[in-house]
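Engineer: There's a structure below that I have some questions on.
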Amino acid sequence: MTIGTEHEYSINDNRFNALPISDQIIKTICGRFAPEILFGDTKLSKELQKTVIEIIPRSPSDNLVSLEGHIFNGVRKFYHIFRDRYRLLGLGMHPTLTLGQTAVWDHDEKEFYEEYDRIFNIRQHGWLNIQALQINLSYSKDKELLTLYNRIRSLLPFLIAVTASSPMVEGNLTELQTTALSFTVRTRKRYPLSVTGLYLKNQDYRRVPGNPG
């Protein structure tokens with residue numbers, strides 16, 4: 001089984017104020033507003049919001065340590081290019097950002113985000129202020145996918161607990177350790193399961209069996 005990881009980082013100044021400049025960073029490196037570029041051992045990619053940039057290993061691997069080494073090299077290369085101009089922050093959401101401080105990607109592929117906005121109203125926390133470490137697992141058949149899912153889902157509550165990293169919203173402490181998850185559930189609960197893949201009951205959430213969402 002091969003694994004692919006994707007790390008999303010907010011882009012900040014030296015005081016950790018979020019900066020909506022992912023397009024300018026990519027243009028500085030390659031000379032154009034590309035949605036994704038090769039970047040040493042990794043790829044550098046835009047995200048929906050311009051305050052976030054994504055670092056992805058060039059190809060999946062069966063060695064997670066190797067993948068994380070590539071990510072480390074990508075971050076180091078970023079700082080080598082930009083020195084002390086910017087700071088990357090890898091939390092679940094930016095702790096002080098207000099929605100007026102960010103912007104939606106408006107270059108190639110912007111039509112997808114325009115459609116998202118039309119359907120979901122993305123100009124809210126849970127869309128424009130959210131970050132993640134995404135882990136992609138390979139599978140060859142639907143049965144293998146279901147087996148993987150059933151093995152992983154029992155770990156999800158524990159993973160959420162140990163990776164909780166968003167207790168603040170717009171500079172204010174909340175009662176939650178993972179406000180990012182709360183916003184994600186809140187923004188998706190009004191839509192059909194076929195769209196979101198979320199089953200909601202009593203403020204709990206579970207992935208629908210067979211739907212990796």
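Engineer: Taking all pairs of different Cα atoms in the range 44-139, averaging 1/r and flipping that mean, what Kirkwood radius in angstroms comes out?
Structural biologist: 15.3 Å
Engineer: Sticking with this one: Can you tell me the mean projection area, over all orientations, of the convex hull of the range 97-159's alpha carbons? Units nm², please.
Structural biologist: The Cα convex hull of the range 97-159, projected and averaged over all directions, gives 6.8 nm².
Engineer: Mind telling me which of Asn12, Asn73, Asn136 comes out most flexible in a GNM of the chain, alpha-carbon contacts under 10 Å?
Structural biologist: In the Gaussian network model the winner is Asn136.
Engineer: Another one. GNM, the chain, Cα, under 10 Å: largest mean-square fluctuation among Leu173, Leu64, Leu155?
Structural biologist: Its mean-square fluctuation being the largest, the pick is Leu155.
Engineer: Let me ask you something else. Run the numbers for Lys189 and Leu148: contour at 0.36 nm per residue of separation, minus the present Cα-Cα distance, in nm. Could the numbers behind the result be given before it?
Structural biologist: On the way: separation 41, 0.36 × 41 = 14.76 nm, distance 2.51 nm.
Length gained between Lys189 and Leu148: 12.2 nm.
Engineer: For the pairs Lys43/Lys110; Lys77/Lys141; Lys50/Lys189, note any where the Cα-Cα span goes beyond 31 Å.
Structural biologist: Too far apart for the 31 Å limit: Lys77/Lys141.
Engineer: Using only the alpha carbons, work out the radius of gyration and Dmax of the chain in angstrom.
Structural biologist: My reading of the Cα-based Rg and Dmax gives 17.6, 50 Å.
Engineer: Ranked by Cβ crowding within 10 angstrom, fewest neighbours first, how are Phe112, Phe183 ordered?
Structural biologist: Fewest-to-most ranking of Phe112, Phe183: Phe112, Phe183.
Engineer: Using amide H atoms built in the peptide plane, which far-off residues or other-chain residues are under 5 Å from Phe39 H to H?
Structural biologist: Leu44
Engineer: Same structure again: Would you please give the FRET efficiency between Asn172 and Phe33, computed as 1/(1 + (r/R0)^6) with r the Cβ-Cβ distance and R0 = 41 Å, to the nearest 0.05? Display every interim value, and only then the final one.
Structural biologist: Details: r = 34 Å, r/R0 = 0.83.
Calculated transfer efficiency: 0.75.
Engineer: When the helices in the chain are scored as -39500 (n - 2.57) per DSSP H run of 4 or longer and the sum is shared across all residues, what 222 nm value do you end up with, to the nearest 500 deg cm²/dmol?
Structural biologist: Taking each H run of at least 4 residues, the total per residue is -10000 deg cm²/dmol.
Engineer: Please state, to two decimals, what the Cα-based radius of gyration of the range 1-87 comes to when divided by 2.2 N^0.38 Å (N = residues).
Structural biologist: So the Cα radius of gyration is 1.07 times the expected 2.2 N^0.38 Å.
Engineer: Right, here's the next one. Highest GNM mean-square fluctuation, the chain, Cα pairs closer than 10 Å: which of Thr51, Thr178, Thr28?
Structural biologist: Between Thr51, Thr178, Thr28, it is Thr28 that shows the largest mean-square fluctuation.
Engineer: In what order do Arg118, Arg153 fall by count of nearby beta-carbon atoms within 10 Å, going from fewest to most?
Structural biologist: Arg118, Arg153
Engineer: Can you sort Ile119, Ile152 from fewest to most other Cβ atoms within 10 Å of each residue's own Cβ?
Structural biologist: Lowest count first: Ile119, Ile152.
No value in this document is a laboratory result; all are computed from the given coordinates. A quick note: this is a predicted structure, and the numbers were derived from the prediction, not measured. All Cβ positions, glycine included, derive from the backbone under ideal geometry; neighbour counts span all protein chains shown.
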